[in-house]
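Enquirer: Quick one: this structure, given as structure tokens, is what I'll be asking you about.
The values are calculated or read from the model by the stated rules, or taken from the named source; none is laboratory data. Quick caveat: nothing in here was measured; it's all calculated off a predicted structure. All Cβ positions, glycine included, derive from the backbone under ideal geometry; neighbour counts span all protein chains shown.
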């Protein structure tokens, strides 16, 4: 281990390193997705869905009921394009939608 490996790092840098090892987007991209969900998917869809997790390049989204889950699945391609545009990253490559009545 060299001296540089032992120097203090910011939490953000450490998390980015960990997320990179998991093939997940960097912290700032995740923050943007979770914080600006409404501007990414639009207010109607945001009222009934929310990002729940990121698993590698897959965004897991919860929907309040099956109708909104189906609507989201129809819009997956547009949402992926919007995510790439807003985050300036193509690390999210797929979306999995699950129904969770508390969404």
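Enquirer: Quick test for you: out of 45, 59, pick the one residue that is at pLDDT 90 or above, within 16 Å of residue 75 (Cβ to Cβ) and in a helix (DSSP H, G or I).
Expert: On the way: 59 fails: in a helix (DSSP H, G or I).
Residue meeting the stated conditions: 45.
Enquirer: Which residues, taken from the stretch 74-101, are at pLDDT below 95, assigned to a loop (DSSP other than H, G, I, E, B) and within 16 Å of residue 38 (Cα to Cα)?
Expert: Those that are at pLDDT below 95, assigned to a loop (DSSP other than H, G, I, E, B) and within 16 Å of residue 38 (Cα to Cα): none in the stretch 74-101.
Enquirer: Right, another one. Quick one: how many residues across the stretch 1-36 are at pLDDT 70 or above, within 17 Å of residue 88 (Cβ to Cβ) and assigned to a helix (DSSP H, G or I)?
Expert: Counting residues in the stretch 1-36 that are at pLDDT 70 or above, within 17 Å of residue 88 (Cβ to Cβ) and assigned to a helix (DSSP H, G or I) gives 9.
Enquirer: A further question on this structure: Could you please find all residues in the stretch 58-88 being farther than 17 Å from residue 45 by Cα and crowded, with 16+ Cβ neighbours inside 10 Å?
Expert: 87, the sole residue that qualifies.
Enquirer: In the stretch 43-58, which residue that is touching a helix residue (DSSP H, G or I) at 6+ places or on another chain (Cβ under 7 Å) and in contact (Cβ under 8 Å) with a residue 12 or more places away in the chain is farthest from residue 32 (Cα to Cα)? Don't jump to the end; show me each part of the working.
Expert: Keep residues of the stretch 43-58 that are touching a helix residue (DSSP H, G or I) at 6+ places or on another chain (Cβ under 7 Å), which gives 45-46, 48-51, 54.
If we keep only those that are in contact (Cβ under 8 Å) with a residue 12 or more places away in the chain as well, we get 45, 48-51, 54.
Values: 45: 17, 48: 19, 49: 16, 50: 13, 51: 11, 54: 13 Å.
Checked the stretch 43-58; the qualifying residue farthest from residue 32 (Cα to Cα) is 48.
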